[in-house]
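Trainee: Shown below is the structure under consideration.
The values are calculated or read from the model by the stated rules, or taken from the named source; none is laboratory data. Keep in mind that what you see is a predicted model, and the values were worked out from it rather than measured. Virtual Cβ from ideal backbone geometry, glycine too; neighbours counted across all protein chains shown.
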Amino acid sequence: MKPIRIVVVDDSLTIRAMIETLLERDRRVEVVGIARHGEEAITMIRREKPDVVTLDVAMPGRDGMMILDEIMDLDPCPVIMLSSLMREGAPIVADAMDRGAAACFNKAMIVREATRFIGLIKDVARGLPPIAMAA
């Protein structure tokens, strides 16, 4: 079985490294690109054709919501939106889902909920229905 190919997009070096480290522990997941900002992400997504993208909401320049819109318009693929603002009932969750996100995950919970985070990536890659909130 081929691994799930992922592009990680976050302006924080610490978060990018943390996500990459968590995902590299699972042989069924392969990080094929890491982007620091939206422009880099779009180029990488077009080139790599990932199965899943993890996308930070708050980034300088074009924020994650703008990048999500661009991904959905030009090169749709499953996107998991990440932010510490992703909490049950938060308007940002509904906005992300309305714009086409496959799921939302609270960035502050990635380490504590690593198993759920990786499971969510696998579910999204398999095309399971969108998940409004995880963690």
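Trainee: For the structure I just gave you, tell me whether residue 38 is crowded, with 22+ Cβ neighbours inside 10 Å and either at pLDDT below 95 or over 20 Å from residue 100 (Cβ atoms) (or both).
Mentor: It is true that residue 38 is crowded, with 22+ Cβ neighbours inside 10 Å and either at pLDDT below 95 or over 20 Å from residue 100 (Cβ atoms) (or both).
Trainee: Cβ-Cβ under 9 Å, sequence separation 6+ or interchain: first residue in segment 36-50 and farther than 22 Å from residue 18 by Cα, partner of a type outside the set (Lys, Arg) and assigned to a helix (DSSP H, G or I). Which pairs?
Mentor: 46/74
Trainee: Can you find a residue in segment 21-30 that is touching a strand residue (DSSP E or B) at 6+ places or on another chain (Cβ under 6 Å), in a helix (DSSP H, G or I), touching a residue at least 60 places away in the same chain (Cβ under 8 Å) and over 21 Å from residue 100 (Cβ atoms)?
Mentor: For segment 21-30, residues touching a strand residue (DSSP E or B) at 6+ places or on another chain (Cβ under 6 Å), in a helix (DSSP H, G or I), touching a residue at least 60 places away in the same chain (Cβ under 8 Å) and over 21 Å from residue 100 (Cβ atoms): present.
Trainee: Which residue pairs have Cβ atoms under 6 Å apart, sit 6 or more places apart or on different chains, and have a first residue in segment 52-73 that is farther than 11 Å from residue 41 by Cα and a second that is modelled with pLDDT under 95 and of a type in the set (Ser, Thr, Tyr)?
Mentor: Once the first residue is farther than 11 Å from residue 41 by Cα and sits in segment 52-73, its partners that are modelled with pLDDT under 95 and of a type in the set (Ser, Thr, Tyr) give 57/83.
Trainee: Turning to a different aspect of this structure: Which condition breaks for residue 32 when tested against (1) within 23 Å of residue 114 (Cβ to Cβ); (2) modelled with pLDDT under 95; (3) not hydroxyl-bearing (Ser, Thr, Tyr)?
Mentor: (2)
Trainee: Just need a number here: residues in segment 54-88 that are touching a Ser or Thr at 6+ places or on another chain (Cβ under 9 Å) and surrounded by fewer than 19 Cβ atoms within 10 Å (Cβ to Cβ).
Mentor: 1
Trainee: For the condition aliphatic (A, V, I, L, M), in contact with a Cys (Cβ under 7 Å, 6 or more places away or on another chain) and outside any loop (DSSP other than H, G, I, E, B), what is the one hit in 81, 44, 18? I'd like the intermediate steps shown before the answer.
Mentor: Details: 44 fails: in contact with a Cys (Cβ under 7 Å, 6 or more places away or on another chain); 18 fails: in contact with a Cys (Cβ under 7 Å, 6 or more places away or on another chain).
It is 81.
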